Amino acid sequence: MIKQKLTKLNWFTICLFSFMGGIAWNIENMYFNTFLYNSVYANASEAAMAGSMAPTTAISRMVSLSAIAAVLTTFIMGTLSDKMKNRKLFISGGYILWGLVTAAFGFITRDNIAAILGLSDEAKILTATVWVVIVMDIIMTFMGSTSNDAAFNAWITDITTPKIRPTMETALTFVGFLSVATVMGVGSLAQSGAVSYQNFFLVLGLIVTACGIAGLFLIKNPPYISKENEVSSSYWADLFYGFRPTVVKENIRLYLALFAIGFSSVSYQVFFPYLLVYLQYVILPDNGGFENILTPSVIVTAVIAVIALVVGMVVLLKVSGKNKAAGLISSAVLATAGLLILSTSTDIRVVLIGVVPAVLGNLVMGIQLNAAIKDFIPEGKAGLFQGIRMIFTVLIPMVVGPWLGDLACRNSAVTYVNEYNVETIVPSKSMFVYAAIVSVFVLAPLFILNKKGFKVEEKEAV
């Protein structure tokens with residue numbers, strides 16, 4: 001059995017690996033997209049653009065294929081980590097390779113790809129470079145899903161109890177904020193051209209690798225992983241364990257929580273892959289550029305938005321602590337309302353107002369649902385369910401979400417003209433309407449889950 005309190009070393013290790021994992025995932029989810037726009041597609045001629053796929057389509061395909069790779073990897077490696085009873089090997093080794101692959105992205109350019117493949121046609125060079133980025137993204141996803149999605153998430157489940165998890169998920173949410181802020185702070189320099197993408201990927205990638213090396217000394221495998229709760233002797237039987245009808249029936253609350261977080265994640269992925277491009281090519285130009293955006297009214301609105309977000313977070317988490325269903329349903333409604341506000345205008349003040357309920361709702365839902373999912377996973381079988389979790393949190397969201405976002409962008413046909421007078425499709429505010437429609441469906445599994453109940457039996461302390 002495991003202790004009711006985490007050691008300081010485990011808290012430090014969880015926060016460190018969550019932060020560095022957030023660095024790597026946010027580089028992939030946020031800046032590979034701007035890398036395509038600002039580096040791979042930059043200065044491309046009209047002939048090259050006409051002979052290749054549109055940037056929004058490239059992003060959609062990259063995200064979808066990455067999601068498929070993530071889920072397959074988590075199924076295979078999560079089950080293997082259970083069989084080998086060694087989370088440490090998968091976490092540390094995966095982070096080391098994850099960082100190295102990330103660092104390699106800076107060397108992907110049209111000139112380098114043309115030289116390696118011996119291409120001279122502009123359209124073929126652009127297409128080949130885009131596909132190299134997509135394939136490298138898949139390789140990076142394999143490393144990240146092995147270490148973070150499969151092994152690290154299972155390790156957290158191994159060493160925590162239902163009493164600890166809401167606090168832990170809240171702490172990890174703020175750690176996630178720090179990783180996003182770090183990546184955006186450094187990434188904004190790459191996006192503006194002040195720092196090259198090569199240096200951006202290289203430095204942050206090597207830091208992730210250093211974290212993996214540190215994990216060889218910090219991470220300890222829970223004793224009960226190797227002694228108790230043995231899974232099936234057949235690897236292939238374990239691989240498909242979560243699909244068995246009897247398993248689904250016995251763990252129906254787990255699958256309801258997965259459906260809820262699945263709809264929420266699809267809604268999020270409708271706009272998230274396009275968000276930074278939307279800010280750069282739509283929001284900033286519509287508000288007079290960065291030099292004109294920091295007006296007194298905008299600053300006041302931003303301050304009020306931050307205060308409202310912090311206060312709302314505290315209130316909603318307190319509500320969720322007393323009544324999870326009330327907190328979750330309120331969060332779903334807030335998220336939907338925020339997305340609808342974001343769909344109405346590109347004015348920066350409206351955007352700041354809409355961000356508050358949208359972010360607040362998504363954050364609290366993420367905290368509570370991720371904690372509930374860990375609660376509902378049978379003890380000793382954390383690795384077996386990581387692939388199932390990834391179907392709902394990654395595969396379906398990252399295939400369906402970006403496709404809906406691309407559809408919204410194409411139907412709106414918002415474009416910009418680059419320095420070569422080539423017209424390119426950019427994201428539009430209509431993607432938030434599509435996201436809001438999907439968000440409504442979160443309520444169905446939440447109502448059913450409320451009837452089933454959230455309470456789980458606490459594991460005994462040592």
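Values in this text are rule-based calculations from the coordinates and carry no lab data. Note that the structure is a prediction, hence the values are computed from the model and not measured. Note: ideal-geometry Cβ built from the backbone for every residue, glycine included; neighbour counts use all protein chains shown.
Each of Ser331, Ser60 was scored by other Cβ atoms within 10 Å of its Cβ. Arranged with the fewest first, they read Ser60, Ser331. Computed from the Cα positions only, the extents of region 243-454 along the three principal axes stand at 59, 38, 26 Å, in decreasing order.
When ranked by the protection proxy of mean other Cβ atoms within 10 Å per residue, highest first, what sequence do the peptides 148-157, 165-174 form?
Working: 148-157: 26.9, 165-174: 18.5.
Packing order, densest peptide first, comes out as 148-157, 165-174.
If you count, for each residue, the other Cβ atoms within 10 Å and average over each peptide, how do 110-118, 288-296 line up from highest to lowest? Write down the numbers at each step before the final one.
Values: 110-118: 13.6, 288-296: 10.2.
Most protected by this proxy first, the peptides run 110-118, 288-296.
Per-residue extension of 0.36 nm, minus the Cα-Cα distance of Ser196 and Met53, leaves a gain of 49.0 nm for this segment.
One Cα centroid belongs to region 127-170, the other to region 368-412; the line between them spans 12 Å.
With the cut-off at 25 Å, tell me which of the pairs Lys85/Lys249; Lys85/Lys452; Lys5/Lys381; Lys5/Lys83; Lys85/Lys455 have Cα atoms farther apart than that. Correct reply: Lys85/Lys249; Lys85/Lys452; Lys5/Lys83; Lys85/Lys455. Ranked by the mean number of other Cβ atoms within 10 Å per residue, highest first, peptides 119-128, 333-342 order as 333-342, 119-128. Membrane-span-like helices in the chain, defined here as complete DSSP H runs extending at least 20 Å along the helix axis by their C-alpha atoms with mean Kyte-Doolittle hydropathy no lower than -1.0, are 8-26, 55-84, 87-104, 122-144, 165-192, 197-218, 252-271, 296-322, 324-342, 348-376, 396-412; this is a sequence and geometry rule, not a statement about a membrane.
If you average the C-alpha positions of region 297-348 and of region 17-36 separately, how far apart do those two centres end up, in angstrom? Between the Cα centre of region 297-348 and that of region 17-36, the gap is 24 Å.
May I ask for the Rg/Rh ratio of region 253-359, computed from Cα atoms with Rh as the Kirkwood radius, given to two decimals?
Values: Rg = 15.9 Å, Rh = 15.4 Å.
Dividing the radius of gyration by the Kirkwood radius yields 1.04.
Counted over all Cα-Cα pairs of region 1-137, pairs farther apart than 27 Å make up 36 percent.
Here is the tail figure for the chain: Cα pairs spaced more than 31 Å apart come to 42 percent of all pairs.
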